[in-house]
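The values are calculated or read from the model by the stated rules, or taken from the named source; none is laboratory data. Source: prediction; values computed, not measured. For neighbour counting, all protein chains shown are included, and Cβ atoms are generated from backbone atoms with ideal geometry for every residue, glycine included.
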Amino acid sequence: MTANHSSGEKILAGQTAIVTGSSSGIGAGIARELGAAGANVVVNYAGNREGADGVVRRITEGGGRAIAVQADVSREEDVAVMFRKSISTYGSVDILVSNAGVQKDAPFVDMTIDQWNRVIGINLTGAFLCAREAAREFIRRGPVPERSSALGKIIFISSVHEIIPWAGHVNYAASKGGVMLFMKSIAQELGPQKIRVNSIAPGAIKTPINRSAWETSEAEADLLTLIPYKRVGEPVDIARTAVWLASDASDYVHGTSLVVDGGMTLYPGFAAGG
Ligand code: NAD
């Protein structure tokens, strides 16, 4: 985990954010930055209670407010309970960051139905269940203009693999491609109610999900051939973008995927070829 680089500005004061899968990696970074920006943070975890407690501790030690809430985002009842706990603790929810995601990689012809269903269930159905619950809560609560211009904000953590096909990871790429059109469709539907919906599409970020791609210097050098900016990303790169997208500073940004990837989607092979 990287250092907290927040500016100390409390631009999200009084707002409550749920960050799914925030006991590690990008979600943990986002939870910490949202907490530093003044939001009450619900640190959701599936099984890693210790990780979630550590993130809560970091936020509260910095003067913020946070609780850890267990829920498997692929289960409808778990998601409902997570929202009920968040609302009973902080009064409402203003920001959802749908971040929980997994990879279950296999060559296509060997991929099991369980590998397919697990990835779609968490990455896509989980995004649906959490976003639906968030939108229902925003509408139930109604506008609070002194907190935010929007009725609520939904941010999906997608991936450059909503754009870049990925052999050997077809379940993951399908789930992220699905998140892209799901995000745009609900943005179209919920915009008139002032619910702001966007995605962040990260490139390669150093987290447990892709440890083998960066933990040795050979692997990292290989990975850097795909990144024109010649640096592997850190969770804080995504976290700062999430704070901005959750704040009124981005109030006219709606229905878009913000690619944060050091240029991975610039077809780097064409720098010398083509
Ligand atoms: P990570 O493994 O550290 O984070 C994934 C988190 O999701 C974990 O905390 C995990 O416990 C949680 N999770 C898994 N199943 C869950 C469930 N059923 N319910 C609730 N939480 C669950 O890896 P990460 O890189 O931080 O991944 C976060 C998100 O970022 C994922 O959606 C991933 O697809 C996306 N992403 C990561 C990268 C990268 O390079 N690391 C790039 C693009 C997109």
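Results for (1) hydrophobic (A, V, I, L, M, F, W, C); (2) surrounded by fewer than 23 Cβ atoms within 10 Å (Cβ to Cβ); (3) touching a Lys or Arg at 6+ places or on another chain (Cβ under 7 Å), shown as yes or no for each residue.
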| site | (1), (2), (3) |
| --- | --- |
| Ser86 | no, no, no |
| Ala106 | yes, yes, no |
| Ala127 | yes, no, no |
| Arg132 | no, yes, no |
| Glu137 | no, yes, no |
| Arg140 | no, yes, no |
| Phe156 | yes, no, no |
| Ser159 | no, no, yes |
| Ile163 | yes, yes, no |
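Screening Ile113 against (1) surrounded by fewer than 16 Cβ atoms within 10 Å (Cβ to Cβ); (2) more than 30 Å from Ala204 (Cβ to Cβ) leaves a single unmet condition, (2). Within segment 245-255, the set of residues being free of Cβ contacts under 8 Å to residues at least 60 places away in the same chain and either surrounded by fewer than 17 Cβ atoms within 10 Å (Cβ to Cβ) or more than 16 Å from Val97 (Cα to Cα) (or both) comprises Tyr252, Val253. Met183 meets the conditions (1) under 18 Å from Asn99 (Cα atoms); (2) near the ligand (Cβ under 10 Å from one of its atoms) in every case but one. The failed one is (2).
Okay, residues lined up against (1) among the basic types (Lys, Arg); (2) within 14 Å of the ligand (Cβ to nearest atom):
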| residue | (1), (2) |
| --- | --- |
| Ile122 | no, yes |
| Arg132 | yes, no |
| Phe138 | no, no |
| Ala150 | no, no |
| Ile154 | no, no |
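Condition check ((1) over 16 Å from Ile205 (Cβ atoms); (2) touching a strand residue (DSSP E or B) at 6+ places or on another chain (Cβ under 7 Å)) across all residues:
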site	(1), (2)
Pro235	no, yes
Ala246	yes, yes
Gly255	yes, yes
Leu258	no, yes
Gly262	no, yes
Thr265	no, yes
Ala271	yes, no
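Does segment 205-242 hold any residues that are in contact with a Gly (Cβ under 9 Å, 6 or more places away or on another chain), assigned to a helix (DSSP H, G or I) and loosely packed, with under 14 Cβ neighbours inside 10 Å, and which are they? Listed by number, the list holds a single entry, Pro208.
Applying the criterion of being β-branched (Val, Ile, Thr) and away from the ligand (no atom under 13 Å from the Cβ) to the residues of segment 197-226, the residue that is nearest to the chain's Cα centre (by Cα) is Val197.
Within segment 95-135, the set of residues being part of a helix (DSSP H, G or I), touching a Phe, Trp or Tyr at 6+ places or on another chain (Cβ under 8 Å) and charged (D, E, K, R) comprises Glu133 only. In segment 28-83, the qualifying residues are those that are more than 12 Å from the ligand (Cβ to nearest atom), assigned to a helix (DSSP H, G or I) and small (Gly, Ala, Ser), and the one that is surrounded by the fewest Cβ atoms within 10 Å (Cβ to Cβ) is Ala80.
Taking segment 170-180 as the range and being near the ligand (Cβ under 10 Å from one of its atoms) and either surrounded by fewer than 19 Cβ atoms within 10 Å (Cβ to Cβ) or closer than 16 Å to Asp105 by Cβ (or both) as the test, the residues that pass are Tyr172, Ser175, Lys176.
Checked against (1) under 29 Å from Gly14 (Cα atoms); (2) within 14 Å of the ligand (Cβ to nearest atom); (3) in a loop (DSSP other than H, G, I, E, B); (4) β-branched (Val, Ile, Thr), Ile164 passes all but a single condition, namely (1). Based on what the data block shows, is Phe156 at pLDDT 95 or above, touching a strand residue (DSSP E or B) at 6+ places or on another chain (Cβ under 8 Å) and of a type in the set (Phe, Trp, Tyr)? Yes, satisfied.
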